[in-house]
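Engineer: This structure is in structure tokens; I'll ask about it shortly.
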Amino acid sequence: MGLRVQVNAESRHFDNQRIMKNAYHYLIERILPSRISYRLALSYILILSLFILVVIRSVSQVQEVSRRSQEFASQDLQKLLQVQNLALDIEGSTSALVLIFNATQEKRKPAYDAIDAKKKHIDELIQQLSAESDDEAQLICLQRLSSTHQEYRQSYLNLFDEIELDNTEGAKLVFETQVAPARQAFLSESNVLLELAKQRIRQRQAEEQEDLAQLKLHILAISVLIVLSGMVLAFITQSSVVQPLSMLEHSALRIASGDYNSKVPTTRTTEVAQVSHALNVMTDAIASREAEIEQLAYYDSLSNLPNRTRLLTMFSQQNLRHHAMILMDIARLKIVNETLGFGTGDTLIVETSQRLQRALGKHSEKKTFLAKFSGGQFALFCADNSDSYTQNLVEQIIHDIQLELNVPVQCGSYSIDVNLVFGSAIANSESNNLTTLIRNAEVALYAAKERSETFAWYSDAQEASRLSHLSLLSDLRSAIQNNELQMWLQPKIRLNDMHCYGFEALVRWQHPKRGFISPIEFVPFAERAGYISHVTNWMLEQAVQTLAQWKNQYPQLSIAVNVSTNDLRDQKLPERVKQLIHQYQISPMNLQLELTESGIMENPDDAIPLLHSLRATGIGLSIDDFGTGHSSLAYLQKLPVSELKIDRSFVIDIDQQESTQKLVKTIVEMGHSLGLHVIAEGIETQAERDTLIKLSCDSMQGYFASKPLHGSTLGDWLTSLPHNQNRQHS
């Protein structure tokens, strides 16, 4: 009970202190001006006023003391001197009386005159003192002194009469009975007057000392008042100015630490209120900008979904046990952007993100996190209670997403089917961090794309293949630098006389450790890695060197080198071809470049001018795999090519398929109408060859004529050519 009472008492004490403090601040805020400059000016004026008061008071007191000192010097001391002179005159007159007793008749006359002069001077002093004195005691004393002076004068006149009568005894009697008592009374009164004058001097001195002491006290009091006023003003300034500024400092530090929710409290101090308002405005602006920056840094601008950075930031430290990552990529987004424009592609991305979120709404009880990666790629981070449950969850989510995507997306006037390719990976002991898990899902996504499948799980085999491709690229660089690649040549045969007029150059790679590596494996990989141009340059140089060697013995033979889609983007390719021709002094007609139809049509506006530059060097151009791309007759008319190569897919069993024969015949007639040489590749049987002859095809290439040749085999094959063919065109 006692403890509760003590607590209540302390609580009331603190409440009272708080109330008094609030009241004090309220009073200060109401009394003092609102501007700090005014408050400081008021403080300075008050202190300056007190200082001026001290100076004025001190000067006035000093002037008063000086005035009294002058008055003391001019009046009181003068009176004292006059009183002293009066006393001396009295004593002098008495001495003159003594001289009369002993003086002769002749000498008495001067003595009488001296006594009369003293008497006259004494009367004048008494009158002067009486006129100038304002002290009642002195006036009374002067009256008594004047009366005793008259009595004294009368007594020594009686003495003079006795002396003149030569009555010595009578003179002595008058002196003893009249003159001496009168003289003594006169001297007594003179001493009283002198004492009064001295007392007045002492009084005036005491008054001066008292005035000086009061002056000191006044100056000390005013000084103390100034100090106290300064302390009070300092305290008021500290409470009304320094404290708000300190509050502003703490608020600024909170803002600097990222706390934008706490607002700076308002105050009546104008400058502080303005700074407080500015800080609050700045806080809101910084918070808004940081929100915008965070939105830009952590969220996709199109879909408003979290981006890759946000995903990594949120879950990089999380335990990934039983977690899975699904990467989804919109198929054919690039074609949509190129064909219908990026606005349509953006609409497709936004609609896809909304459908993904609707599909995930069916799994709201599960742990899922949807993010948007670059391009048309999305990521879904999910988890369940075990790896098997997580796998089932992934498959169910993918199924629900595909159901949502069944309905085409309406982009303006276009209706577009949306297809996603999925790659998924479940975290394990070797991929127990988010970055590795994303990478594994990406490997699975690329594996699904390569196999033209909708979905693929990550596996160790995919990782091994990926690592193998990475090392393969490094080995390919070394193979080009060390001349480990080989150029094989497959003959091209004219169907009207069965003579060879040229070869197609095919790249082969005999790896020192892996053995033979098929072009099907490393050429597409080199194209994706952007390294195919190095292979093309190597093949071009090998072909030109071979043509230089054949220049005298086989001048009619040509070599065709395949050019990739990436090479058609290289504006320096025509110049390199021209330099090789000039360097090895070969005929440009013996060199030919084969270009895929799809490669030309990927960007015909840039590819066609490049082909004209190549054609201007004098070399031949051939369209490879014709019929498998998307070229139109309008573009075909613009291409500066000299040859069409019919793809093998149209030649297989052509002798047994009339529809294919009609199609090939149309291609041949179209090529001839454009003045082009038409060759079919992949001929493996005599029946296929005979059918092509009937369809008026110009040339053939394939195993029926010859397999690709290299080294001594190539030399033997060239040697076996008929001599009349060697002499032809020479």
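The values are calculated or read from the model by the stated rules, or taken from the named source; none is laboratory data. Note that the coordinates shown come from a computational prediction; the quantities given were computed from them, not determined experimentally. Quick reminder, even Gly has a Cβ in these numbers, built from the backbone with ideal geometry, and neighbours come from all protein chains shown.
Engineer: Can you list residue pairs whose Cβ atoms sit under 7 Å apart, with the first residue in region 651-677 being touching a residue at least 12 places away in the same chain (Cβ under 8 Å) and the second being among the acidic types (Asp, Glu) and assigned to a loop (DSSP other than H, G, I, E, B)? Count only pairs 6 or more apart in sequence or on different chains.
Structural biologist: Matching pairs, first to second residue: His677/Asp698.
Engineer: Next question. I'm told Tyr554 meets every condition in (1) among the hydroxyl-bearing types (Ser, Thr, Tyr); (2) surrounded by fewer than 18 Cβ atoms within 10 Å (Cβ to Cβ); (3) at pLDDT 80 or above except one. Can you identify the failing condition by its number?
Structural biologist: (2)
Engineer: Here are some conditions: (1) in contact (Cβ under 8 Å) with a residue 24 or more places away in the chain; (2) out of contact with any Cys (no Cβ under 7 Å at 6 or more places or on another chain). Lys492 meets all but one. Which one does it not meet?
Structural biologist: Every listed condition holds for Lys492 apart from (2).
Engineer: If the requirement is being crowded, with 16+ Cβ neighbours inside 10 Å, under 57 Å from the mean Cα position of the chain (by Cα) and at pLDDT 90 or above, which of these qualifies: Met487, Met539? Show your work before the answer.
Structural biologist: Working: Met487 fails: under 57 Å from the mean Cα position of the chain (by Cα).
Residue meeting the stated conditions: Met539.
Engineer: Okay, moving on. Do you know which of the residues in region 668-721 that are closer than 17 Å to Gln490 by Cβ, crowded, with 16+ Cβ neighbours inside 10 Å and of a type in the set (Ser, Thr, Tyr) is modelled with the highest pLDDT?
Structural biologist: Residue satisfying both the conditions and the ranking: Ser699.
Engineer: Return a yes/no flag: does region 621-634 have any residue that is out of contact with any Asp or Glu (no Cβ under 7 Å at 6 or more places or on another chain), modelled with pLDDT of 90 or more and surrounded by 15 or more Cβ atoms within 10 Å (Cβ to Cβ).
Structural biologist: Looking for residues that are out of contact with any Asp or Glu (no Cβ under 7 Å at 6 or more places or on another chain), modelled with pLDDT of 90 or more and surrounded by 15 or more Cβ atoms within 10 Å (Cβ to Cβ), one finds at least one in region 621-634, hence yes.
Engineer: Testing Asp384 on (1) in contact with a helix residue (DSSP H, G or I) (Cβ under 6 Å, 6 or more places away or on another chain); (2) within 25 Å of Leu302 (Cβ to Cβ), one condition comes back false. Which one is that?
Structural biologist: It fails just one condition, (2).
Engineer: I would also like to ask the following. Give me the pairs, please: first residue somewhere in region 506-529 and in a loop (DSSP other than H, G, I, E, B), second residue anywhere and at pLDDT below 75 and not charged (D, E, K, R), beta-carbon distance under 7 Å, and either six or more positions apart or on two chains.
Structural biologist: Within 7 Å, the pairs are Ala529/Leu473.
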